[in-house]
Every structure is written in structure tokens, then in C-alpha cells.
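Undergrad: Quick one: the structure is below, questions incoming.
The values are calculated or read from the model by the stated rules, or taken from the named source; none is laboratory data. Source: prediction; values computed, not measured. Using ideal geometry, Cβ is built from the backbone for each residue, glycine included, and neighbour counts are taken over all protein chains shown. The protein model used for the area step is the full one, side chains on, heavy atoms only, and it has no ligands, DNA or RNA in it. Shrake-Rupley method; radii C 1.70, N 1.55, O 1.52, S 1.80 Å.
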Amino acid sequence: MTAAAAPVSPASRRFDSDWIAVLGVTTAVVVPLVVFVVAPLFEIFKTSFVTADGIGMGNYVRYVNSPKFARVVGNSLAVAATTTAITVLLAYAFAYAMRRTAMPLKNVFGSVALLPLFAPSLVQALGIVFMFGRNGLINRTFGLSIDIYGFWGIVLSDVFYSFPHAYLILSAALAVADARLYESAQVLGASRARIFRDITLPSTKYGILSATFVVFTIVITDFGNPMVIGGDYNVLATEIYNQVSGQGNFQMGAVIGVMLLIPAALAVIAEKWIMRRHSASITERSQPLVVLRERWRDAAGVVVASLITAMIAAIVLIVVVASFVTLWPYNMHVSLRHYRFEVQNGLQPLWTSIWVSLMAAGIGVIVTIGGACVTRRLRSAAGQCLYFLSILPAAVPGMVLGLGYILVFNNPQNPLEFLYGTLLILALCNVYHYHAQGFLIATTSINQISRVFDEASTSLGAGFLRTLRDVILPIIAPSIVSVGVFFFVRSMVTLSAVIFLVTPVTQVAAVSVLLLDDAGNVNQAAAFSVCIMLVVALALLLFRIILRASGAASVSLIR
């Protein structure tokens, strides 16, 4: 007599299907991370040890002993340190004016301060050249001979480029405070300077340190500004470009890439370690600080904000003006000739950038939202490993990742070699260059959803994929759109990640700006920059319209 098989409960079937679904999504997220992040990094490390005599340290020894090693490394560190100090100081003053004063026009000042985020990094250098270059507005107007090329040109450009990043971090640090501390200090007769020194600064120290490391990473890995305004003052980012594109020396380029990777990775690790040690300064007993109007303090805030935003606006505005003059600075008559784009490929690089950015937005949303959802579901070491792998690209400079893509995907033995020279590889490079930021946006949004929703959905018989489709994704729909816009904007303005991957057929707009400037066509470089900024502005406007529409839909749904 044969025993009857035990029936399989619906709960067991649901568990099996959920496990398969989670495994499938995890695989779809992890495999591309390994292929498009880990493999290129491994290939760079491996290539850096390949010499004519085999595997060894010969490339490192040769470069370290070369006369330019100490100079290039010293230049990079000097630029990064100087720029970081100036940027953090200015950003703190601006954030303090925005958060701790009752000055008017805060929305205007805040919008202008973020302008550098929406333009290629080299736009700042272009604007400074138009302003302070040999034929710049200042030199020609006042008969001066300011030489902006070199160290101070790079520093000034990178200050404007990195300022918004520092401001956003410091603004968040200054946004909240415990009013009880300030009231107690005032009762005890402490001066304003003492209150600032003993209360405000200590409460924002983690924000200051975080901004310091973020700015240092941005500056030491920046390529566009040093390339446009650096002259003979070489830094590590431009040295990689010279070795790979100028001399075709991939081994030495890999060596410099590893050297550039080390300080960038250390800065990212230090920033993450500092933020983990950060403890909440606002508790359930805290009283929010209410900023009251005060004539002299608010006036000082207006002066600080006006000076900083005026400099930012002037740099962007002069690029716009230069795009509409006949020939800067010799013929200043208004002309639209530079918007005809009578150069090789014409306006095609701009359309290519738009297509690549749209592809990056779509792919970026899928991989980052998928990774965030799986990380939320995995409550074990596997989840921690996936989280680490997802934020790993934050420590990888764009030029290093782009060089790794050449070494990996321009290899006939690689089955994915067909990607090389296509728009898809440009989109993928942009996605995984900014993957960490997109993933953190998605993770933050998803973690704001209570797990009660998951438990209720599961108790009603829904599995992982259905809960994701019917519960999680509808709730975070605005964040999904914001992630897509983030990838679109960053792909439109990025330069360093794709500089090694573009071809005459797949050239993007940011690279066109660099090539036009290098060829002396500065007016057309300015026109291309303006077109990029207009596309980004339209994308952001569309984003706001979508957000308002989704908000209205949510209200009507609730009602």
C-alpha cells in the first residue's frame, strides 16, 4: 500500500515562488554590477601590472621614478586641498545665510547656487576664460594682464563646480537645531561669537567633514576644468587622458588610474565612516529653532548670498553671451551663427546625448530601484554585500571606469565586445558611474515605507513581485521619476566617464564642447554648452510638472 503524498500548502508554494522571484531580481541586479563595475576595475588593476617582461611592478617603478610623478601628484593634491578649503568655507557661509537668517529672496539665491549642477564641469572653466582669460572681459576692459591659466584657474573653476555639492550637505546640517541650547546660552550671557563657536559649529561638524571629503573627491577626479584652463599644469585626471589618448599607453594609464582611485576611495570611505559615527542631535525633547528677523544679521546674509550667487550667475551668463556674439572678443555684434553648428557632425552630438541620457534614465531606474527593493527584502549578510556592491561606484572616478570599459569591452575575446562603440555602452557607463547616488536615493525612499505594508500584502496572499508592483512602486512613484531625472541630467553633463568611449559616430555634446574649445572655436563651445543647459532645464521643468500632476492624482485618490 502506497502512502499518500503530503499536500503542499499555499504558504509553502508562495514561499518558493517568492524565493525564486527574489533570487531572479537579485541576479538581474548583481550580474550587471559585476560586469560593468567589478570587471573593469579588476582589468585596470591587472593591466597596471603588465610589462614587456611579464607581470610585475615595473610600470609603477618607472612612473614613480619619472620626473613628472611628484609634480603631477603634488599638483593634484594642492588643487584638491586648496579648492576644498575655499569651497567648504564659502558653502558654509552661504548655507548659514540660507538656514539661519530671515533674509528675503531665499528661493532665488538657492536656485542660482545650484546652476553648476546642470552644466558640464568645463562650463565653469569656459566662463572664467571668457571673464579672466588673455582676451577676457576683465583684462580687455581694464587693460590688465591677469594670467588665469594654471593652478588658480583650476582652483577657481573647481570651486564653482563643487560649490553646490558642499552647499546641499551643509544646508542639511544647518537646517535643524535644538532651540533649548541657544536659549540657555543667551540666558547665560554668551556672545554671538561664543554661541557660534560652542554650539553651531560642533552641531554641524559632521556636515563639515562630509562636505570636505565629497568636495575633495569631486575635485581630485575632475577632468573638464583642468583640461580647459589648466594649461601646462597637469593633474592626475589630465595625465590619464594624455597617456591613453595622446600616447596610447594603456598600461601607464592604468597605473595612474589606480593612483587616482586610491585618494578618491579613501575620501569616500572616510566620509561613510564619519557619517556612521554621527549621532542624532535632535531628540524627541528638542525644540525646533525658529529663525526670527534681525536687521543686521539678515542684511549680512543678503550680502554674502548676493556676492556668491552673483559670481556663479556671472560665470554662466558670460558663456551664454559669448554664444551670441560674432567672434569673442573682437566682434561683439549679436549673431546666431554659432547655433548653426557648421562643424563636423553638426548638432548630432546633442541628439546623441539626449538619446544616451534617456537610455541611462531608463536603465538607471530599473537597476537602482530593483537593487533597493531586493536590499530591503534581504536581511542578512547577502543584503549587506549587495549594498556594498551598489555603492562601490561612488569610489570610482569616471575616467577610471571609462578606461576600464575600454580594456574590458574592446577585447575580441569578450562576448560583450559588440557593445563597444555603441550608444548603449555610453549609457551603461553613465548608469554605473552614478549608480551609488541613484541607489541611495531609491533606498532612502523605499525605507520610508513601513514594513507593515509588506506584511499586510503578504497576509493577503500577495508575493514579492505583486507587492512590489501594487504597493511599493505606486507609493514611491515620485522618487522613481526623480531617479530617472537624476540619471538623465548627469548623463547630459558628464564628460570624464565617456571621454574614452566616444567615437566620431557616438560623440556626445559634452565632448563636443571640449573638442571645440581645444580647436579654438570657443564661441561654438559656448553655444553647445547653452544647448546642454537648455535641455537639462527642460527636463527639470517636465519633472516638476509630473510631480505636480502625481501630487494632484494622489490627492484625488485619497479623497
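Undergrad: Would you please state the base-10 log of I(q)/I(0) at q = 0.18, 0.19, 0.23 1/Å for the range 209-266, with intensities from the Debye formula using one equal scatterer on every alpha carbon?
TA: With no solvent term, the Cα-only Debye profile gives -0.63, -0.69, -0.92.
Undergrad: Related question: Mind checking which of Ser491, Leu90, Asn430 is farthest towards the positive end of the chain's charge dipole, using Cβ charges of +1 (Lys, Arg) and -1 (Asp, Glu) about the Cα centre?
TA: Most positive-ward Cα: Leu90.
Undergrad: Using a basic spin-label model with each label point 7 Å from the Cα along Cα→Cβ, how many nm lie between Phe418 and Arg194?
TA: So the label points at Phe418 and Arg194 sit 7.4 nm apart.
Undergrad: May I ask for the equivalent-ellipsoid semi-axes of the range 340-415, computed as the square root of five times each C-alpha gyration tensor eigenvalue and listed largest first in whole Å? Walk me through the numbers on the way to the answer.
TA: Details: eigenvalues 222, 67, 26 Å².
Each semi-axis is the square root of five times an eigenvalue, giving 33, 18, 11 Å.
Undergrad: If each Cα of the range 325-372 is one equal point scatterer, what is log10 of I(q)/I(0) from the Debye formula at q = 0.21, 0.26, 0.31, 0.32 Å⁻¹?
TA: Reported log10 I(q)/I(0), two decimals: -0.78, -0.91, -1.00, -1.03.
Undergrad: Sticking with this one: Give, rounded to the nearest 20 debye, the magnitude of the charge dipole that the chain has about its Cα centre when Lys and Arg contribute +1 at Cβ and Asp and Glu contribute -1 at Cβ.
TA: It works out to roughly 1380 debye.
Undergrad: I want to make sure I understand the PRE zone here: with the label point 7 angstrom from the Cα of Phe151 toward its beta carbon, which residues in the range 78-118 have backbone N atoms less than 15 Å away?
TA: 78-86
Undergrad: Please compute P(r) over all alpha-carbon pairs of the range 65-163, binned at 5 Å starting from zero, and give each bin as a whole-number percent.
TA: 2, 12, 16, 17, 18, 16, 11, 5, 2, 1, 0, 0
Undergrad: Using only helices, what value at 222 nm comes out for the chain when you add -39,500 (n - 2.57) per DSSP H run of length 4 or more and divide by the total residues, to the nearest 500 deg cm²/dmol?
TA: Value at 222 nm, helices only: -22000 deg cm²/dmol.
Undergrad: Please state the equivalent ellipsoid semi-axes for the range 470-509: what are the square roots of 5 times the Cα gyration tensor eigenvalues, largest first, in whole Å?
TA: Values: eigenvalues 201, 17, 11 Å².
Each semi-axis is √(5λ); the values are 32, 9, 7 Å.
Undergrad: Also, I was wondering about something else. Over the chain, with every protein chain in place, what whole percent of the accessible area is carbon and sulfur at 1.4 Å, could you tell me?
TA: Numbers: 17780 of 27000 Å².
Of all accessible area on the chain, carbon and sulfur atoms account for 66 percent.
Undergrad: Can you give the Rg and Dmax of the chain based on its C-alpha atoms, in angstrom?
TA: My reading of the Cα-based Rg and Dmax gives 25.8, 108 Å.
Undergrad: Additional query: What percentages, rounded to whole numbers, describe P(r) for the range 152-283 computed over all alpha carbon pairs with 10 Å bin width beginning at zero?
TA: 11, 30, 26, 17, 10, 5, 1
Undergrad: Another question about this same structure. What accessible surface, in Å², does a 1.4 Å probe find on Lys272, ignoring ligands, DNA and RNA and rounding to the nearest 10?
TA: Probe radius 1.4 Å; accessible area of Lys272 about 80 Å².
Undergrad: Of Gly207, Thr141, Ala179, which is farthest along the charge dipole of the chain in the positive direction, counting Lys and Arg as +1 and Asp and Glu as -1 at C-beta?
TA: Toward the positive end, the furthest listed residue is Ala179.
Undergrad: Further question: Per-residue accessible area for Thr326 at 1.4 Å probe radius, Å² rounded to 10?
TA: About 20 Å², rounded to the nearest 10.
Undergrad: Keeping all protein chains in place and using 1.4 angstrom, which order do Met131, Met492, Met227 fall into by accessible surface area, from largest down? Don't skip to the end; give the middle numbers.
TA: Working: Met131 25, Met492 0, Met227 60 Å².
Correct descending sequence by accessible area is Met227, Met131, Met492.
Undergrad: Taking a virtual spin label 7 Å from the Cα of Lys205 along the C-beta vector, which residues in the range 178-197 bring their backbone nitrogen under 15 Å of it?
TA: Of the residues in the range 178-197, 196-197 have backbone N under 15 Å from the label point off Lys205.
Undergrad: Given charges of +1 on the Cβ of Lys and Arg and -1 on the Cβ of Asp and Glu, with all other atoms neutral, how large is the dipole of the range 141-223 about its Cα centre, in debye to the nearest 20?
TA: Values: 5 positive and 6 negative charges, 76 e Å.
For this selection, approximately 360 debye.
Undergrad: Which trypsin sites (Lys or Arg not before Pro) in the range 320-407 sit in a loop by DSSP (not H, G, I, E or B) and have at most 16 other Cβ atoms within 10 Å of their own Cβ? All intermediate terms of the calculation are to be shown ahead of the outcome.
TA: Values: sites: Arg337, Arg340, Arg376, Arg377, Arg379; in loops: Arg379.
Filter output for the range 320-407: Arg379.
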